[in-house]
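Read the structure below first, then the notes.
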């Protein structure tokens, strides 16, 4: 493989910048541009060591920067190739200049995720571990990061490989009975296979059951705040975020588009969406905003209906309440600081049969009760990650579901007393599905798609 180089730190002003190289010519390139204080032959420099010196353009004798260079000798490196990381001062100019020197001396600019891709292709990590790297980078909460670290450490791979071992044991027995029919052990083989496959079914079912919590950790709980104009939707968003994120005025229809923000409550990411006030639109722009509000409400995991409790219910309020009849929702009676006309005992509110919470978004009263109610209604609680693995990746979920489906077919095939060689086909399909998780059975196109999601330098 060619030697690759990239800037691994975020572009912009910062204390440190890191330029990373990996490949067989890493140290040849480094030797041309790096002059360390006490000159040493590369063979005498140990891996996992750091040297101080300067990056110099030998063609012009220009000194670029003072740096620290970390040496990693393959196969004891992230990519299992010779690697180095040049730690320079941060900023766009210096890091870019060093990268340009590396490319001039023979390195190729790395593609997104190419360092991690090489770690996968060279067998240091499997595909599920590689995917965990981008999950760690994109984690929105500590809980999500913990799960991603467990995956990087191979927790999911360990579970999958144990299941594959059980499946292979069954396959070996089945193929032995096919190859040696004279021993007449098919009945025993079928009984043993069912016992073993039922155990695998339990393990796969456990992994399946974790995906709901995994999806919550990865994507968050999507909550739409809906209501008529001036009900206090934007004030509630600001109160939740503890900052003036949305414009709040007495003028109706201030919010024309959606505003989305994440907030971390008890280790769970909540995606809060403030929407345009729902009423009879006065212009085309507002009409589009209201249409979008209704669509978001239908697509959300939970809805908060904001009602101005200091005035009588309007037609707009009643129209909004109709939208939550079949949805997970609560009713927030806002502006209790102005005196309540609408209460939980108001007939139209009682008919909705939804939890009612009294709040004052301006005074930040009752806000905590909203999230306590949502957590209780969705039965998510605080998701614990210390004792077991949680599946967070949609691709992994689909592969596990496919394996589970093939497993049920295999068990039913045996119970229906079908020929044992048909069972072998189902077993191989289970192995193929599980192999997609760890990377044994994936196409080059899928690998490319996965690593496109990575940033440069990782």
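All told, residue 74 meets the bar of being free of Cβ contacts under 8 Å to residues at least 24 places away in the same chain and either buried (at least 16 other Cβ atoms within 10 Å of the Cβ) or touching a strand residue (DSSP E or B) at 6+ places or on another chain (Cβ under 6 Å) (or both). With respect to residue 2, is the statement that it is modelled with pLDDT under 95, in contact with a strand residue (DSSP E or B) (Cβ under 7 Å, 6 or more places away or on another chain) and either assigned by TED's automatic domain parsing to the domain that holds residue 83 or within 22 Å of residue 118 (Cβ to Cβ) (or both) true? In short, yes. Is segment 435-448 home to any residue that is buried (at least 21 other Cβ atoms within 10 Å of the Cβ), farther than 30 Å from residue 4 by Cα and touching a helix residue (DSSP H, G or I) at 6+ places or on another chain (Cβ under 9 Å)? Scanning segment 435-448, I find no residue that is buried (at least 21 other Cβ atoms within 10 Å of the Cβ), farther than 30 Å from residue 4 by Cα and touching a helix residue (DSSP H, G or I) at 6+ places or on another chain (Cβ under 9 Å), so the answer is no. Note down all Cβ pairs under 6 Å where the first residue falls in segment 90-104 and is over 14 Å from residue 57 (Cα atoms), the second is buried (at least 17 other Cβ atoms within 10 Å of the Cβ), and they're at least six residues apart or on different chains. These pairs meet every condition: 90/17. Just one residue in the set 173, 143 is part of a helix (DSSP H, G or I), under 28 Å from residue 453 (Cβ atoms), at pLDDT below 90 and in the same structural domain as residue 397 (by TED's automatic domain parsing); that residue is 143.
Looking across segment 1-17, the residues that are part of a loop (DSSP other than H, G, I, E, B) and buried (at least 17 other Cβ atoms within 10 Å of the Cβ) come down to 3, 8, 9. Do the conditions hold for residue 353, that is, is it modelled with pLDDT of 85 or more and surrounded by fewer than 17 Cβ atoms within 10 Å (Cβ to Cβ)? It is true that residue 353 is modelled with pLDDT of 85 or more and surrounded by fewer than 17 Cβ atoms within 10 Å (Cβ to Cβ). Residues of segment 18-55 that are surrounded by 14 or more Cβ atoms within 10 Å (Cβ to Cβ), part of a loop (DSSP other than H, G, I, E, B) and at pLDDT 95 or above: 23, 25.
The values are calculated or read from the model by the stated rules, or taken from the named source; none is laboratory data. Here the structure is a predicted model, which means the values were calculated and not measured. Backbone-built Cβ (ideal geometry, glycine too); neighbour counts: all protein chains shown.
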